[in-house]
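*Asks:* Before I ask anything, here is the structure I am working with.
Nothing in this text is a laboratory measurement; each read-out follows from the coordinates by a stated rule. These numbers come from a predicted model, not from an experiment. Every residue, glycine among them, receives a Cβ derived from its backbone with ideal geometry; neighbour counts consider all protein chains shown.
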2 protein chains.
Amino acid sequence: MIIDCHGHYTTEPPAFMAFRKAQIAHFEDAATPAPELAAISDAEIRESIEMNQLKALRERGADMTIFSPRASGMGHHIGDEAMSKAWTRISNDMIHRVVQLFPENFIGVCQLPQSPGAPIENSVEELERCVLELGFVGCNLNPDVSGGMWTGAPLTDRFWYPFFEKLVELEVPAMIHVSGSCNPNFHATGAHYINADTTAFMQFLQGDLFRDFPDLKLIIPHGGGAVPFHWGRYRGLAQMLGRPHPNEHVMRNVFFDTCVYHQAGIDLLFRVIEVENILFASEMFGAVKAIDPETGHQFDDTKRFIDALPLSAANRAKVFEGNARRVYPRLERALRVRGL
Amino acid sequence: MIIDCHGHYTTEPPAFMAFRKAQIAHFEDAATPAPELAAISDAEIRESIEMNQLKALRERGADMTIFSPRASGMGHHIGDEAMSKAWTRISNDMIHRVVQLFPENFIGVCQLPQSPGAPIENSVEELERCVLELGFVGCNLNPDVSGGMWTGAPLTDRFWYPFFEKLVELEVPAMIHVSGSCNPNFHATGAHYINADTTAFMQFLQGDLFRDFPDLKLIIPHGGGAVPFHWGRYRGLAQMLGRPHPNEHVMRNVFFDTCVYHQAGIDLLFRVIEVENILFASEMFGAVKAIDPETGHQFDDTKRFIDALPLSAANRAKVFEGNARRVYPRLERALRVRGL
């Protein structure tokens, strides 16, 4: 089977987006009405998925998407912790409804109620709810809740340790994924996302996080940001910092996805990164929802690029399925229960 | 001839570094002695270059380096504007001395007395001094004087316009180059540098800077950060933002260097970026001064990677020489005067 490890619910029903709008307005001006989520029917959710993500999934020949709320919509830098909690719960519940309607094609990954100044311990409760009650298999962890101001601590700081302990205990990985940017220097999907990927990798290279958490598994999306293009630089920096080769020091615990929207980029990714560390993904629908005039296909139809690689059947199966089942043990168990 | 467009004086004599140390100490505690630059002999400078950059230049078969002060040493976020001015002037004078001692092998590019809160107009005087009096052919422009806090305005903001006007008037390009990082999230050469490259490109893609400055020429170092690896993403984002193809909208004015430290990265760079937009460079000596155990050669010996490309003689000449002469018109004139 073919598993896409990085999909977002970016086709949410209007009532859902209206709630968020009202929530922000109410936070900014308490005189505006408190937000209320209008009823959203199963039919509405079904249509929003069937006409979009599921349609593309089928057309492209994939089977299942590891599905999470819109990343730029998490907006941890907006409002306060209570607001982030309410919004996060509603967002995750929406993912759960999608998964219940399409259990064969979607499985959940949650956003977290992170908020500037809030200890990461406060995100554990929602993680446990999603994993233990809703059957989610992972989470998206925002390394910069300030939304592009980068005022928090690096991922190797002990600030994050209570959360990493819980991830290991629950056997769920985290995708390191920022949200929107309130810094005018950083376009969200064109700069902030990619910078965060590069930044996270370099933090891992500098630090010793995986000595303390040998079983922790983290996914860096968007092909690992700039890392594969500068793989020589990172190998060299590891040497200069007295660190082992990145394959030893980082890549036993870190995985890159294939959200790289052209053949040349995918070719490079597979040339320098071990196939065990690459998970198929499309970001569908994420940064670019458009047809590439050079190919006539959607930019985010990344399966085509992988199909074009001269991979052995065994390696192809790792990228499309095996690695995901290994990195997300709860996905593996859910599939096995179904005889898959 | 072979011109390396990106080299730094990272082998400065000890007295020079001692000045900076004293300058910072004096700023932090006025009770410490005011900094004074001890005499540095020509012999000392000569040795620091002959044993290092010039040795590598000769061994690698290149002819000339466009040479600027240590990038991480610019430290615009440290101290105040007066301190930045004093340090910048001394740093540029050191480059001038190197160029005077080795006029055939080095030509100068200046750092600027940028400082948080200071208008960019205040950098014009030092630029003019370096270009008009010292014969420098370009400058390094720091897009984030806050040193990783990114509190300033994007490069497309009118804040920068007076400086861009001066660059066009003087016919000198700027390399967009950050300095050190005081943000613990960003390792300087492993994250901050690369993020800044990616960020600058995306700012240009979003904005309309080159409509206002059709003759402005900017170099994004380190192979353009993450951009070539995500070239499909940027082509797609341009489309979604209603912008022309990046080749039209950005790359008539923007050039990438070849500071990418492995063959796979260089191969990708040349596969997606037009050869007219690529300038040979090594960053020598920059982020990684070490031997790659996979090749047995220095990581930053980037000429080897270009030599290994199947380029036509004409294209090779563009990358090694022609593009640099076009992007740095004052270099072109200086070479022509010498019959080169």
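*Asks:* If you take the residues in the stretch A:291-307 that are under 13 Å from A:H262 (Cβ atoms), buried (at least 16 other Cβ atoms within 10 Å of the Cβ) and of a type outside the set (S, T, Y), which one is farthest from the other protein chains (Cβ to nearest Cβ)?
*Replies:* Among those that are under 13 Å from A:H262 (Cβ atoms), buried (at least 16 other Cβ atoms within 10 Å of the Cβ) and of a type outside the set (S, T, Y), it is A:I306.
*Asks:* Further question: Would you confirm whether or not the stretch A:227-234 contains a residue that is over 18 Å from A:P154 (Cα atoms) and surrounded by fewer than 24 Cβ atoms within 10 Å (Cβ to Cβ)?
*Replies:* Yes, some residue in the stretch A:227-234 is over 18 Å from A:P154 (Cα atoms) and surrounded by fewer than 24 Cβ atoms within 10 Å (Cβ to Cβ).
*Asks:* Same structure again: Do we find a residue being within 7 Å of chain B (Cβ to nearest Cβ), part of a loop (DSSP other than H, G, I, E, B) and without any contact (Cβ under 8 Å) to a residue 40 or more places away in the chain anywhere in the stretch A:198-205?
*Replies:* no
*Asks:* Among (1) in contact (Cβ under 8 Å) with a residue 24 or more places away in the chain; (2) within 12 Å of another protein chain (Cβ to nearest Cβ); (3) over 23 Å from B:E59 (Cα atoms), which single condition is B:E283 missing?
*Replies:* Single failed check for B:E283: (3).
*Asks:* OK, next. Give the residue that is nearest to the other protein chains (Cβ to nearest Cβ), with candidates limited to residues of the stretch A:219-235 that are outside any helix (DSSP H, G or I) and in contact (Cβ under 8 Å) with a residue 60 or more places away in the chain.
*Replies:* Looking only at the stretch A:219-235, we keep the residues that are outside any helix (DSSP H, G or I), and these are A:219-221, A:225-230.
From what is left, the residues that are in contact (Cβ under 8 Å) with a residue 60 or more places away in the chain are A:219, A:221.
Working: A:I219: 17, A:P221: 12 Å.
Only one residue tops the list, namely A:P221.
*Asks:* Which of the numbered conditions does A:L216 fail, given that it passes all the others? Conditions: (1) in a loop (DSSP other than H, G, I, E, B); (2) under 21 Å from B:G265 (Cβ atoms); (3) in contact with a strand residue (DSSP E or B) (Cβ under 9 Å, 6 or more places away or on another chain).
*Replies:* (2)
*Asks:* Of the residues that sit in the stretch A:239-270 and are in contact (Cβ under 8 Å) with a residue 40 or more places away in the chain, in a helix (DSSP H, G or I) and of a type outside the set (S, T, N, Q), which one is farthest from the other protein chains (Cβ to nearest Cβ)? Walk me through it before giving the result.
*Replies:* Residues of the stretch A:239-270 that are in contact (Cβ under 8 Å) with a residue 40 or more places away in the chain, as a first pass: A:246, A:249-250, A:252-255, A:257-263, A:265-270.
If we keep only those that are in a helix (DSSP H, G or I) too, we end up with A:246, A:249, A:263, A:265-270.
Add one more test, that the residue is of a type outside the set (S, T, N, Q), and what stays is A:246, A:249, A:265-270.
Details: A:P246: 11, A:H249: 13, A:G265: 5, A:I266: 9, A:D267: 8, A:L268: 5, A:L269: 8, A:F270: 10 Å.
If we take residues in the stretch A:239-270 being in contact (Cβ under 8 Å) with a residue 40 or more places away in the chain, in a helix (DSSP H, G or I) and of a type outside the set (S, T, N, Q), then A:H249 is farthest from the other protein chains (Cβ to nearest Cβ).
*Asks:* So is A:S312 small (G, A, S) and more than 13 Å from chain B (Cβ to nearest Cβ) or not?
*Replies:* Against the criterion (small (G, A, S) and more than 13 Å from chain B (Cβ to nearest Cβ)), A:S312 qualifies.
*Asks:* Of everything in the stretch A:106-122, what is in contact with a Pro (Cβ under 9 Å, 6 or more places away or on another chain), buried (at least 19 other Cβ atoms within 10 Å of the Cβ) and over 24 Å from A:A324 (Cα atoms)? Give them in sequence order. Quick ask: steps written out before the conclusion?
*Replies:* In the first step, residues of the stretch A:106-122 are kept if they are in contact with a Pro (Cβ under 9 Å, 6 or more places away or on another chain); the result is A:109-111, A:119-122.
Retained after the next criterion (residues that are buried (at least 19 other Cβ atoms within 10 Å of the Cβ)): A:109-111, A:120.
Result: A:I120, single match.
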